[in-house]
Amino acid sequence: MKKAHQNGYKIILWSPQCLEGALLDVLGERVNDHETSQDLKKRLHPRLDGKHTDMNAYQTLFPENTLATTENQSVGSVKKVLLDK
């Protein structure tokens, strides 16, 4: 990580566990310790408005006000990086 920082990269660690875990956390859903990243994907992806690789598929579940008020630190870090540029 030190080398990444020295070269201008920002490292964001997903919590809990992965992007899908962080997004479920944003929705106020519990992410259990025994769940794998694959389990979390299976929970989140069917609720999206399309394929998980399509950014527009997330709009209904994650409107701007939901993301603006989240206490999830990983999502907050991504938001900060994007807004600082």
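The values are calculated or read from the model by the stated rules, or taken from the named source; none is laboratory data. No experiment lies behind these values; they were computed from the predicted model shown. Note that we place each Cβ from the backbone using ideal geometry, even for glycine, and neighbour counts take in every protein chain shown. Surface accessibility is based on the protein's heavy atoms, side chains included, excluding ligands, DNA and RNA. Shrake-Rupley method; radii C 1.70, N 1.55, O 1.52, S 1.80 Å.
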The range 69-85, residues that are free of Cβ contacts under 8 Å to residues at least 60 places away in the same chain and part of a helix (DSSP H, G or I)
GLN73, VAL75, GLY76, LYS79, LYS80, LEU82, LEU83, ASP84
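Which ones in the range 1-36 are in a helix (DSSP H, G or I) and open to solvent by 40 Å² or more (accessible area, probe 1.4 Å)?
LYS2, LYS3, HIS5, GLN6, LEU19, ASP25
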Any residue in the range 1-23 that is under 12 Å from VAL78 (Cβ atoms) sitting within a Cβ distance under 6 Å of a residue that is exposed (fewer than 10 other Cβ atoms within 10 Å of the Cβ)? List the pairs, counting only those 6 or more apart or interchain.
ILE11/MET1
When (1) part of a helix (DSSP H, G or I); (2) in contact (Cβ under 8 Å) with a residue 12 or more places away in the chain are applied to ASP39, the one that fails is (2)
What number of residues within the range 44-69 satisfy the criterion of being within 16 Å of GLN17 (Cβ to Cβ) and either touching a Gly at 6+ places or on another chain (Cβ under 9 Å) or among the polar types (S, T, N, Q) (or both)?
1
Based on this model, can you work out whether THR66 counts as β-branched (Val, Ile, Thr) and either open to solvent by 80 Å² or more (accessible area, probe 1.4 Å) or part of a loop (DSSP other than H, G, I, E, B) (or both)?
no
Every residue in the range 37-63 that is within 15 Å of VAL78 (Cβ to Cβ) and loosely packed, with under 11 Cβ neighbours inside 10 Å, please.
MET55
Across (1) at pLDDT 95 or above; (2) closer than 21 Å to ILE12 by Cα, LEU48 clears everything bar (2)
